1. Would segment 42-49 turn up any residue that is surrounded by 12 or more Cβ atoms within 10 Å (Cβ to Cβ), part of a loop (DSSP other than H, G, I, E, B) and modelled with pLDDT of 95 or more?
2. Going through segment 24-38 one residue at a time, which ones are outside any strand (DSSP E or B), touching a strand residue (DSSP E or B) at 6+ places or on another chain (Cβ under 8 Å) and surrounded by fewer than 15 Cβ atoms within 10 Å (Cβ to Cβ)?
3. Among the residues of segment 26-52, write down those that are more than 8 Å from the chain's Cα centre (by Cα) and more than 13 Å from residue 12 (Cα to Cα).
Ligand SMILES: [Zn+2]
């Protein structure tokens, strides 16, 4: 579960670690990378380009 990739439609995502075991909400900016890993919880987010 922890390494599950989340697809998002915007290059800036908010991550709070996902509930009780989470962390303070942070905003992560993919910029041109198309993906980013949260430095707090190692959750990976990828930009869903197909939905553009
Ligand atoms: Zn996180």
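The values are calculated or read from the model by the stated rules, or taken from the named source; none is laboratory data. Please read all numbers here as calculations on a predicted model, not as lab measurements. FYI the Cβ positions are ideal-geometry reconstructions off the backbone, even for glycines, and counts take in every protein chain you see.
1. Looking for residues that are surrounded by 12 or more Cβ atoms within 10 Å (Cβ to Cβ), part of a loop (DSSP other than H, G, I, E, B) and modelled with pLDDT of 95 or more, one finds none in segment 42-49, hence no.
2. Step one: list which residues in segment 24-38 are outside any strand (DSSP E or B), which gives 24-25, 30-34, 38.
Right, trim to touching a strand residue (DSSP E or B) at 6+ places or on another chain (Cβ under 8 Å) and you get 25, 30, 34, 38.
Within segment 24-38, 25, 34 qualify.
3. Within segment 26-52, 39, 40, 41, 42, 49, 50, 51, 52 meet the criteria.
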